[in-house]
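The values are calculated or read from the model by the stated rules, or taken from the named source; none is laboratory data. In this text the structure is predicted, and so the values were computed from the model without any measurement. All Cβ positions, even for glycine, are placed from backbone atoms using ideal geometry, and neighbour counts span all protein chains on display. What goes into the accessible areas is simple: the full protein's heavy atoms, side chains included, and nothing from ligands, DNA or RNA. Shrake-Rupley method; radii C 1.70, N 1.55, O 1.52, S 1.80 Å.
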Amino acid sequence: MTRRVLVTGASGFVGRAVVAHFRAQGWAVRASSRSPTLAWPVGVEASTIGDTLDPQAWRAGVADVDSIVHCAARVHVLREPSADPLGDFRQANVQATQALAHAALGAGVRRFVFVSSVGVNGAQTGERPFRADDPPAPHSPYAQSKLEAERALHALTQGQALQAVVVRPPLVYGPGAPGNFARMLAALRRGLPLPLGAIDNRRSLVAIDNLTSVLHACATHPQAGGNTFMVSDGEDLSTTQLLQRLGHALGRPARLIPVPKTLLRAAAALLGRGDLARQLTGSLQVDISATRQLLGWSPPQSLDAALRQAVGAGR
């Protein structure tokens with residue numbers, strides 16, 4: 001019997017990859033998004049959701065579904081346009097998740113995989129990488145909303161047949177990735193000199209194919225239910241090393257100027273870009289040993305292979 005998965009946020013960067021991965025694994029896929037999408041291949045059913053806060057609006061989407069991978073979210077942006085960011089994040093990320101979970105409970109769905117964020121743990125690591133059981137320390141309205149959504153989901157599914165699984169990825173990259181990864185790649189393609197040649201931090205990141213692989217494991221492994229998992233490529237890099245290896249993948253050596261971290265942060269603060277400087281110069285590592293052990297999972301794609309894939313389409 002063919003298994004069916006509902007993927008929310010299916011038109012986004014992560015959602016599209018999740019749809020493709022589950023379809024390749026032989027699942028019937030229901031791809032949910034806020035607006036109609038006509039380009040899904042055979043075996044993928046489009047599902048348009050109107051009011052995400054109404055459990056009744058999710059009823060058609062969750063019907064006859066074995067698992068849900070919930071990718072839909074209001075994501076963090078560099079320049080926040082909202083006058084009430086936390087309120088908007090709570091509505092999109094907490095209340096919508098609760099509505100979907102209520103609908104899933106009523107429909108007899110067995111597994112709910114929630115794509116959260118490493119930001120729930122905090123903004124930077126110190127002496128050791130973050131683990132899933134560390135005390136949460138969300139550093140932004142977005143991260144706070146993800147933590148609240150995790151807690152709401154666990155509360156709703158406690159003692160129920162529906163099992164919740166939480167995955168907290170760090171920076172996700174791959175072909176067409178948005179955000180800081182896209183900005184770094186664009187700068188390297190243009191051959192711009194970057195003042196990032198002396199950064200000795202360590203950061204975890206996860207290739208989109210490695211993320212979809214662990215999400216599939218979370219949807220299928222009998223021991224995954226009720227757990228929270230960290231995920232990464234299993235190799236942490238400094239910002240300097242990442243740019244060097246991206247440049248190698250592009251076939252265009254990175255032009256890096258060794259500017260001390262303290263000067264970078266001071267200059268960025270003057271320009272109102274202190275948060276970006278902290279992301280580029282601070283450390284943010286995750287410990288995936290528990291993910292490996294409990295799920296029997298290892299990243300199927302090496303970091304260098306993933307970087308080559310990420311830059312290949314735009315060469």
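Observations
- When only Cα pairs below 8 angstrom with a gap of at least 6 residues are kept, the range 203-315 shows a relative contact order of 43 percent.
- Using a cutoff of 8 angstrom between alpha carbon atoms and counting only pairs six or more residues apart, the relative contact order for the chain works out to 17 percent.
- Placing +1 on the Cβ of every Lys and Arg and -1 on the Cβ of every Asp and Glu, with nothing else charged, gives the range 73-122 a dipole about its Cα centre of roughly 240 debye.
- Once the gyration tensor of the Cα atoms in the range 1-86 is diagonalised, the equivalent ellipsoid follows with semi-axes of 25, 15, 11 Å, ordered largest first.
- Rounded to the nearest 20, the size of the Cβ-charge dipole of the chain about its Cα centre is 840 debye, with Lys and Arg at +1 and Asp and Glu at -1.
- Among the protein heavy atoms of the chain, carbon and sulfur supply 51% of the accessible surface, probe 1.4 Å, non-protein parts ignored.
- Take 279-289, 163-173 and order them by the average number of nearby Cβ atoms within 10 Å per residue, most first; the result is 163-173, 279-289.
- With Cα atoms, 0 to 90° folded angle of helix 141-157 axis to the chain main axis: 30 degrees
- Volume per residue that the Cα convex hull of the range 196-249 spans, once the total is divided by residue count, Å³: 81 Å³
- Counting only the Cα atoms, the range 71-177 fills a convex hull of 124 Å³ per residue.
- P(r) tail fraction, the range 161-289 - alpha-carbon pairs more than 26 Å apart, %: 31 percent
- When the chain is treated as a Gaussian network with alpha carbon springs shorter than 10 Å, the biggest mean-square fluctuation among Ala99, Ala305, Ala290 belongs to Ala305.
- Choice from Ser35, Ser232, Ser117 showing the highest fluctuation, given a GNM over the chain with Cα pairs closer than 10 Å: Ser35
- The angle between the Cα long axis of helix 179-189 and the longest principal axis of the Cα atoms of the chain comes to about 40 degrees, rounded to the nearest 10.
- Extension gain (nm, one decimal) between Ala305 and Ile257, 0.36 nm per residue minus Cα-Cα: 14.7 nm
- Surrounding net charge for Arg255, when Lys and Arg each add one and Asp and Glu each subtract one, Cβ distance under 13 Å: +3
- Across the chain, the longest run free of exposed loop sites, meaning GluC sites (Glu not before Pro) lying outside DSSP classes H, G, I, E and B with no more than 15 other Cβ atoms within 10 Å, spans 1-126.
- Estimated distance in nm for a label pair at Ser35 and Gln293, the labels positioned 7 Å out from Cα along Cα-to-Cβ: 4.6 nm
- Per residue, the accessible area of the chain comes to 46 Å² when a 1.4 Å probe rolls over the protein heavy atoms.
- Positive dipole terminus of the chain, leading residue within Val311, Ala60, Leu156 (C-beta point charges): Val311
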